[in-house]
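S.K.: Before I ask anything, let me first share the structure, which is written out below as structure tokens.
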Amino acid sequence: MSDQLDLDNPVERHPTISPPEQDQDFPGSDVGLEPGADIGLSSYRGTGRLQGRKALVTGADSGIGAAVAVAFAREGADVALAYLPDEEEDADRVARVVEEEGGTLVRIPGDVRDRAYCDDLVAKAVEGLGGLDVLVVNAGKQVACEDITELTDEQLDGTLKTNLYAMVWICRAAVPHLQPGSSIIMSSSIQAYQPSAHLVDYAMTKAGMNTFAKGLSQQLAPKGIRVNAVAPGPVWTPLQVVDGQPKDALPEFGQDTPLGRAGQPVELAPAYVFLASAESSFVVGETLNVNGGQPSP
Ligand code: NAD
Ligand code: MG
């Protein structure tokens, strides 16, 4: 089986998928995706880049967060997994990898729209891992809505709470525990600068995440804590089938990138590993675009 370090053609590295129209109830599951997504279970090889690091990853059960948690474990990190209580089955797959790699594993299910949970999440991660030096704010909510007159307060509230409030709450709780050398990484999106007509509320939050990362980086850099963001393009994950996209858009999902295909979650992981590790010691307040070639600022 090839891994992320093999030289090959990125156009063909992963198949050009044409997912059938499909629906899952929120929050969706990786194991139910058709076709399946590659979170790196057998395609990410560690090289010791995060030996002994203590990392908390939100939305770590599936998609990008799962690929990040798998990669962190393979790189030698101890990992705390945050996800919704309905996502235990997906989380099991990731937890197995952490255990196989010999790292400390902490599982902290809960809902990030709840501030008390966010505080508790950080406290439990610090306690379970014996400290914290990498925080990945990745849990996210994306629901397509074609017409702003049909955008409900419930959706608006859910999107803002999940993507923005929780980010601030979790960072606020985590910063007192972070030593110099620590790294905070947000999962932003290309939607921050190329908003789709049907994702206006979501796109707004992703721009907010980018700007928050840049601003917070200014505040924390003098303390030796780096804050950055990763902005993925189209990546095949459960988010897309729990109404993240209009159903008729699924068969062509990601085919408009210059590489001609959607990304797989495993292809995002190296960006997070880079930003988490000391290799990126001079990278601060940056947004690393991983989007298959769509021009970005
Ligand atoms: P995903 O569905 O696999 O992951 C999202 C996760 O968010 C879920 O697994 C869930 O655990 C978590 N989550 C959602 N609401 C929550 C809540 N209220 N409380 C706790 N956890 C909650 O999908 P993904 O695509 O891997 O998404 C990960 C991040 O990547 C998101 O922030 C998303 O906006 C971002 N992103 C994804 C894409 C893409 O094309 N898939 C593109 C750009 C950005
Ligand atoms: Mg999930």
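The values are calculated or read from the model by the stated rules, or taken from the named source; none is laboratory data. Predicted model, so just to flag it, every value in this text is computed and none were measured. Neighbour counts run over all protein chains shown; Cβ positions are idealised from the backbone, glycine included.
S.K.: Scan segment 220-234 and tell me whether some residue there is under 22 Å from residue 12 (Cβ atoms), more than 16 Å from ligand 2 (Cβ to nearest atom) and touching a helix residue (DSSP H, G or I) at 6+ places or on another chain (Cβ under 7 Å).
M.R.: Yes: one or more hits.
S.K.: Among 262, 249, which is the only one that is at pLDDT 95 or above, within 18 Å of residue 13 (Cβ to Cβ) and aliphatic (A, V, I, L, M)?
M.R.: None of the others qualify; the one that does is 262.
S.K.: Which of the residues spanning segment 157-183 are surrounded by fewer than 16 Cβ atoms within 10 Å (Cβ to Cβ) and under 17 Å from residue 126 (Cβ atoms)?
M.R.: Passing the criteria: 172, 176, 179, 180, 181.
S.K.: While we're here: Mind checking whether some residue in segment 74-93 is among the hydroxyl-bearing types (Ser, Thr, Tyr) and over 16 Å from the mean Cα position of the chain (by Cα)?
M.R.: No, because not a single residue in segment 74-93 is among the hydroxyl-bearing types (Ser, Thr, Tyr) and over 16 Å from the mean Cα position of the chain (by Cα).
S.K.: Where in segment 26-136 are the helices (runs of 4 or more DSSP H), entirely inside, with at least 3 residues that are within 12 Å of ligand 2 (Cβ to nearest atom) and surrounded by fewer than 20 Cβ atoms within 10 Å (Cβ to Cβ)?
M.R.: 88-100
S.K.: Filter segment 1-23 down to the residues that are surrounded by 15 or more Cβ atoms within 10 Å (Cβ to Cβ) and out of contact with any Leu (no Cβ under 6 Å at 6 or more places or on another chain) and list them by number.
M.R.: Within segment 1-23, 4, 13, 14, 17 meet the criteria.
S.K.: Could you tell me whether residue 227 is more than 30 Å from residue 17 (Cα to Cα), at pLDDT 95 or above, hydrophobic (A, V, I, L, M, F, W, C) and crowded, with 21+ Cβ neighbours inside 10 Å?
M.R.: yes
S.K.: For segment 215-247, give me each residue that is assigned to a helix (DSSP H, G or I) and in contact with an Asp or Glu (Cβ under 7 Å, 6 or more places away or on another chain).
M.R.: Across segment 215-247, the qualifying residues are 238, 247.
S.K.: Pairs, please: C-beta under 8 Å, at least 6 apart or cross-chain, first residue over 18 Å from residue 136 (Cα atoms) and basic (Lys, Arg) and in segment 72-98, second within 16 Å of ligand 1 (Cβ to nearest atom) and at pLDDT below 95?
M.R.: 93/31
S.K.: Another question about this same structure. In segment 179-211, how many residues are of a type in the set (D, E, K, R) and touching a Phe, Trp or Tyr at 6+ places or on another chain (Cβ under 6 Å)?
M.R.: Step one: list which residues in segment 179-211 are of a type in the set (D, E, K, R), which gives 201, 206.
From what's left, touching a Phe, Trp or Tyr at 6+ places or on another chain (Cβ under 6 Å): none.
Final tally of qualifying residues: 0.
S.K.: Still on this model: Output the residues belonging to segment 251-266 that are outside any helix (DSSP H, G or I) and either surrounded by fewer than 19 Cβ atoms within 10 Å (Cβ to Cβ) or of a type in the set (Phe, Trp, Tyr) (or both). First the steps, then the outcome.
M.R.: Going residue by residue through segment 251-266, those that are outside any helix (DSSP H, G or I) are 253-264.
Within segment 251-266, 253, 255, 256, 257, 258, 260 qualify.
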